[in-house]
Every structure is written in structure tokens, then in C-alpha cells.
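The values are calculated or read from the model by the stated rules, or taken from the named source; none is laboratory data. A quick note: this is a predicted structure, and the numbers were derived from the prediction, not measured. Cβ atoms come from the backbone with ideal geometry, glycine included; neighbour counts cover every protein chain shown.
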Amino acid sequence: MEEQLSLLIQLQEIDTRIRAYTEQKNRLPEVLAALERKRAANKENLDAVKEGLQTAQKNKRDRDQALESGVQKVERLKARTSEIKNNKEYQALLKEIEAGEQENKAVEDEILALMEKIDAAAAAITAAEKNSLEEDAAIAAEQKEHEAAIAKVEEELKAAEREKQEKAARIEPSVFARYQRLLLTKAGTAIVEVRGESCSGCFMSIPPQVFVNVKKNESIITCPQCYRILYYKG
């Protein structure tokens, strides 16, 4: 039984590695997904900046048209001054011309503001495109590293599983079945070391006679509290 216990200890070490590899393998796709989300966020940011530029350009075109119409309106009003027959009509026309010119001045101010916005948006696009290219390159490099890590982990996992099969083939079926049940019910730890007369699985003290027997490492002995298999490292 001493050999069986030794094999179980080795098996536990392999299963611990398998558990770590599996957790790592499960985490890596999420890392890749996070990188893809980052790439998509960069694109959304660039698209938003471009959309802002397009909106500003459209608004400027609209205001340019409004200004052109306003200028033409004022010119038509000015052309009517020679037709006015009395002072009252003349004063009314002057007020209308003044109102039109003020409205045109307001539109010109809007156009100037939009031109500044367009310039700022164009600069923001240049910066965003540069940043996007740099980040895309960094993300692609990181993705490549993680894809290589996934391949490596899968390779190590397969090797560990083969190693487990080889060890398991040398363990008595009933003992192996018992070990597997504990592995499932005890959070992946079926066999633990006794330290200071306590089980290192549940940290409870074990009876003196049980400790004496465990120290011999000659048979399969379980913890009276958590039922994990115990061994002693001298």
C-alpha cells in the first residue's frame, strides 16, 4: 500500500497542475475578448469623432446657405430704398435692413464657431487615428501572445492528462475511484499532508493513534473530519 500512497501523492500533484492549467485556459479567452472589446471601443471613439466632424460640416453648409440667403435679402431691401415715397416707409425699411444685417452677423458668428469646431474635430481625428493604429498594433501583439499561451496551456494540459492516465493505471481501481470522488467533493484536493498532528485540508487535529499510523505511510488513512486521504512527510 505504500506504493499506492506514493502514486496518489503524485496523482494529486498532477491533478493540481491540471486544475491550474484548466483555470488558465478558461481565463485566456476572456482576456482575448477584453482585447476585442478594447479594439471595438477604439473604433467607436474614432467613429464618434468622425461623426462629430461630419455634423459640424453639415451645419456649416446649412449656415452658409442661410447667410447667402440673408445677404441676398438685405441686398434686395437696399435696392428698394430708391422706390420709397415717404419717410415713414423709409424708416421701416431701414429697420428691416438693420434687422437683416444683425441676423446675418449672428449667422457669421455661428459659421466662425463651426469652423473652429471643424478644425478641432479634424485635429481630433488625426490624433484618434494615430492612437487607434498604435493601440491596434499593441492589441494584435498581445492577442498573438495570448493565443500562443492558450496553445501552450492546451499542450501542457494534454501532457498532464496523459501522465495522470499512466499513474492511474498503476493504482487499484477501488482506491482510484475513492480518490476521484474526493477530488470532486473536496475542491480538487483529495490527499493532504499531516502537519503538526493536524490535517492540512481542514486544519483539524487528528487523534494521536491515527497520527502514529499516518506517519508510517503504509496504508490509506483518511481524516476523521474531512475524509481526505492523509500522508506524512518526514
query: Is it the case that some residue within the range 72-94 is touching a residue at least 24 places away in the same chain (Cβ under 8 Å), of a type in the set (Gly, Ala, Ser) and over 30 Å from Asn26 (Cβ atoms)?
result: no
task: Being under 12 Å from Ala149 (Cα atoms) and among the hydroxyl-bearing types (Ser, Thr, Tyr) is the filter here, so list the residues in the range 19-44 that pass it.
output: Tyr21
Residues of the range 73-90 that turn out to be assigned to a helix (DSSP H, G or I), surrounded by 11 or more Cβ atoms within 10 Å (Cβ to Cβ) and not acidic (Asp, Glu), as a count: 7
- request: Kindly establish whether Glu68 is among the acidic types (Asp, Glu) and closer than 30 Å to Thr22 by Cβ.
  value: no
- line: How many residues of the range 95-137 are free of Cβ contacts under 8 Å to residues at least 60 places away in the same chain, out of contact with any Lys or Arg (no Cβ under 6 Å at 6 or more places or on another chain) and either among the charged types (D, E, K, R) or not in a helix (DSSP H, G or I) (or both)? The answer is 12
- prompt: Got a number for residues in the range 193-206 being closer than 12 Å to Thr222 by Cα and either in contact (Cβ under 8 Å) with a residue 40 or more places away in the chain or of a type in the set (Asp, Glu) (or both)?
  reply: 1
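Yes/no matrix, rows are residues, columns are (1) hydroxyl-bearing (Ser, Thr, Tyr); (2) closer than 19 Å to Gln10 by Cα; (3) assigned by TED's automatic domain parsing to the domain that holds Gln12; (4) assigned to a loop (DSSP other than H, G, I, E, B):
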position	(1), (2), (3), (4)
Phe176	no, yes, no, no
Tyr179	yes, yes, no, no
Leu182	no, yes, no, no
Thr189	yes, yes, no, yes
Phe203	no, no, no, yes
Phe211	no, no, no, no
Lys215	no, yes, no, no
Glu218	no, yes, no, yes
Gly234	no, yes, no, yes
Single condition Glu2 does not satisfy, out of (1) touching a residue at least 60 places away in the same chain (Cβ under 8 Å); (2) closer than 30 Å to Ser174 by Cβ; (3) out of contact with any strand residue (DSSP E or B) (no Cβ under 6 Å at 6 or more places or on another chain); (4) surrounded by 15 or more Cβ atoms within 10 Å (Cβ to Cβ): (4)
task: Could you please give the count of residues in the range 14-37 that are loosely packed, with under 15 Cβ neighbours inside 10 Å and charged (D, E, K, R)?
output: 5
